[in-house]
Every structure is written in structure tokens, then in C-alpha cells.
Amino acid sequence: MPSGIELGLELKFGAKGLQLLTEISTIQNLEKLEQIRDGLKTVTTLQELRQIYLP
């Protein structure tokens, strides 16, 4: 997984954000990972971020 996502999660949400790494690390779709990375710029909650990648 791109370290940019990990860094973004940590900077924006702290330890709670890093807990999502287990879920995000299973994503293989590069486009979806880019959407997560870009979403970190605008989301305000972890639930909003999850809506990007959960069906």
C-alpha cells in the first residue's frame, strides 16, 4: 500500500486512522487506492473515508 495513504491517515486521524490500514491494505485496485488518497484531502470523518472504498 502506498505510504502516502498511511501518512495521510496518521496526520489527519491519528491512531484511529491507522486502524483502517488493515482494511485498506487488502485493496488491490490502484484506482480505488488513488480515490482513498485523494479523499484524505477532503473527508472529515473516518466513516466518510470508508464510504470511498466499502461497497
For LEU49, LEU54, ascending order of other Cβ atoms within 10 Å (fewest first) is LEU54, LEU49
Farthest towards the positive end of the dipole of the chain, among ASN29, LEU40, PHE13 and with Cβ unit charges of +1 on Lys and Arg and -1 on Asp and Glu, lies the Cα of PHE13
Order of LEU33, LEU18 under a 10 Å beta carbon neighbour criterion, fewest first
LEU18, LEU33
Relative contact order (percent, whole number), the chain, Cα cutoff 8 Å, 6+ residue spacing
35 percent
Fewest to most Cβ atoms within 10 Å: SER25, SER3 sort as SER3, SER25
Which whole-number value in Å³ per residue fits the convex hull of the alpha carbons of the chain?
68 Å³
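FYI, it's all coordinate maths here, none of it is from the lab. As the structure is a prediction and not an experimental result, all values here were calculated from the model. Using ideal geometry, Cβ is built from the backbone for each residue, glycine included, and neighbour counts are taken over all protein chains shown.
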